[in-house]
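K.L.:
Below you will find the structure I want to go over with you.
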Amino acid sequence: MDTFTYIDGQLHADKVPLSKLAEEFGTPLYVYSLSHIRDRYRELTAALEEVSPLVCYSVKANSNQSVLRELVGLGAGFDIVSGGELFRALKAGADASKIVFAGVGKTADEIDYAINEEILFFTVESEPEAVRISERAKALGKTARIAFRINPDVDPKTHKYISTGKAENKFGLDIERTFEACEMAAALPNIEISGLHMHIGSQLLDPQPFDDALQKVAPLCAKLKEEMPSFQYIDIGGGLGIKYQPDHQPIAPSKFADTVLPSLKELGLKVAMEPGRFIVGNCGVLVGRVLYVKDNPMKQFVVADTAMTDLIRPSLYEAYHEVMAVKETEGTIRGDLVGPVCESGDFIAKDRDLPDFKQGDLLAVLSAGAYGFVMASNYNSRPRPAEVVVDGESYRLARERDSFEDLISREKV
Ligand code: LLP
């Protein structure tokens, strides 16, 4: 079933009218479909069934407890990048033995927390980090499992800010160095080498770079597998792209599987992966209300209560998000959809054909389930939006809107 569709001229999330949710919970409002999340998770695991991947959902994409709980129920593991994300995942009921911990700058406290919780492995970005993890594991009297992150130097052909697997990026180790890094780390106390990790970028619309990377790391995997009995995993990261624009062709899981399965089977390792956006990107919309329509000599501005503080992707990456009218309309106007924040960069859509919005109309910004609320801020002292989950005909509040009191609750005078 399509997640966001018009039924009798009203945009629905599953079977729930967005106008009803806006009325009950106010705007701006994030709405996520749990059925969409289940479908995406199952589609991916089914396509890769031959290698039974451990799907470690990337918590950074959308870390709401209701979303994480749904994924726990499906048997997912989690990819985390901070102590805060570990806390969120465990609170949602995650099995620590299915958690992998990434990131270039883990602190000693975060390392201790994860070692004590006995996560599956740390993905390690540098030799000094391996040394630090060994020291902490020794101090705690535990063994820590690690997988070095390899930078395979392939071009993922995505936006430069979300490309991570090229030699010029800060992430991972180059292939030449990784074997020695593994040998060095294997000799450290309280460390076990679990595998190798890579993540070449985000929003990839072509599966080929994944396979290029796998082919590049295959000889190294073979060598490490032979030398180290603990070496079991290839973690291929996240990055599967989704449809943001009408002309986008997202990676179909079946096509992704056709491209990478031969190489994965050849490696003969356990497979882990870390999809974020693929699972949640199109499960969510940001619902807002038009405050004013302003005719400037140069162009029309639709001023809404949705701002860069709620969804920063257009301002930060010039990302395209489809905008729909909640009440179906035929006409269009050309202009910008902007928010109330005091920045020229505060826009959701620029120079676009928009539905012919009138003051008071409701709008929906699509594909806002990933990197939406999690990147929201309180800039201009704007309360962050509420979040609601829907499932078929049912819905419930998943996070209250920030209150004014929340804005100052940590401040001391
Ligand atoms: N694994 C690692 C190590 C990552 O760094 C990331 C994302 C993922 C998995 C999940 O990637 P995904 O499947 O969602 O593409 N804020 C940006 C995206 C930043 C992605 C950072 N790392 C955006 O809004 O497009």
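K.L.:
If I ask for residues that are away from the ligand (no atom under 16 Å from the Cβ) and part of a loop (DSSP other than H, G, I, E, B), which ones from the range 217-243 would you list?
P.N.:
Of everything in the range 217-243, those that are away from the ligand (no atom under 16 Å from the Cβ) and part of a loop (DSSP other than H, G, I, E, B) turn out to be Met228, Pro229, Ser230, Phe231, Gln232.
K.L.:
Here's a follow-up. One residue is enough: does the range 360-373 have a residue meeting the conditions open to solvent by 50 Å² or more (accessible area, probe 1.4 Å) and more than 15 Å from Val323 (Cβ to Cβ)?
P.N.:
no
K.L.:
Within the range 182-213, how many residues turn out to be within 26 Å of Ile80 (Cβ to Cβ) and either in contact with a Cys (Cβ under 9 Å, 6 or more places away or on another chain) or more than 16 Å from the ligand (Cβ to nearest atom) (or both)?
P.N.:
Counting residues in the range 182-213 that are within 26 Å of Ile80 (Cβ to Cβ) and either in contact with a Cys (Cβ under 9 Å, 6 or more places away or on another chain) or more than 16 Å from the ligand (Cβ to nearest atom) (or both) gives 12.
K.L.:
Strands (runs of 3 or more DSSP E) wholly in the range 308-413 with at least 1 residues that are touching a helix residue (DSSP H, G or I) at 6+ places or on another chain (Cβ under 6 Å) and either farther than 18 Å from Leu29 by Cα or among the hydrophobic types (A, V, I, L, M, F, W, C) (or both) - which ones?
P.N.:
347-355, 362-365, 386-391, 394-399
K.L.:
Moving to a separate point now. In this structure, is Gly84 free of Cβ contacts under 8 Å to residues at least 60 places away in the same chain, surrounded by fewer than 21 Cβ atoms within 10 Å (Cβ to Cβ) and within 19 Å of Phe373 (Cβ to Cβ)?
P.N.:
Here the answer is yes, as Gly84 does meet what is asked.
Each row is one residue, and each column tells you yes or no for (1) over 15 Å from the mean Cα position of the chain (by Cα); (2) of a type in the set (Gly, Ala, Ser); (3) surrounded by fewer than 22 Cβ atoms within 10 Å (Cβ to Cβ).
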{"position": "Glu23", "(1), (2), (3)": "yes, no, yes"}
{"position": "Leu29", "(1), (2), (3)": "yes, no, no"}
{"position": "Tyr32", "(1), (2), (3)": "no, no, no"}
{"position": "Ala61", "(1), (2), (3)": "no, yes, no"}
{"position": "Asp79", "(1), (2), (3)": "no, no, no"}
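K.L.:
Follow-up. Can you find even one residue in the range 205-218 that is open to solvent by 20 Å² or more (accessible area, probe 1.4 Å) and in contact with a His (Cβ under 7 Å, 6 or more places away or on another chain)?
P.N.:
Within the range 205-218, one or more residues are open to solvent by 20 Å² or more (accessible area, probe 1.4 Å) and in contact with a His (Cβ under 7 Å, 6 or more places away or on another chain).
K.L.:
While we're on this one: Residues Leu261, Leu291: which one is of a type outside the set (Val, Ile, Thr) and either buried (at least 24 other Cβ atoms within 10 Å of the Cβ) or more than 30 Å from Gly335 (Cα to Cα) (or both)?
P.N.:
After ruling out the rest, the residue left standing is Leu261.
K.L.:
Only one residue in Ala181, Ala147, Ala108 is within 27 Å of Ala257 (Cα to Cα) and modelled with pLDDT of 95 or more. Which one?
P.N.:
Ala147
The values are calculated or read from the model by the stated rules, or taken from the named source; none is laboratory data. Predicted model only: the values in this text are computed from it and were never measured. Note that each Cβ is placed from the backbone with ideal geometry, even for glycine, and that neighbours are counted across all protein chains shown. We work out accessible area using only protein heavy atoms, side chains counted, and drop any ligands, DNA or RNA first. Shrake-Rupley method; radii C 1.70, N 1.55, O 1.52, S 1.80 Å.
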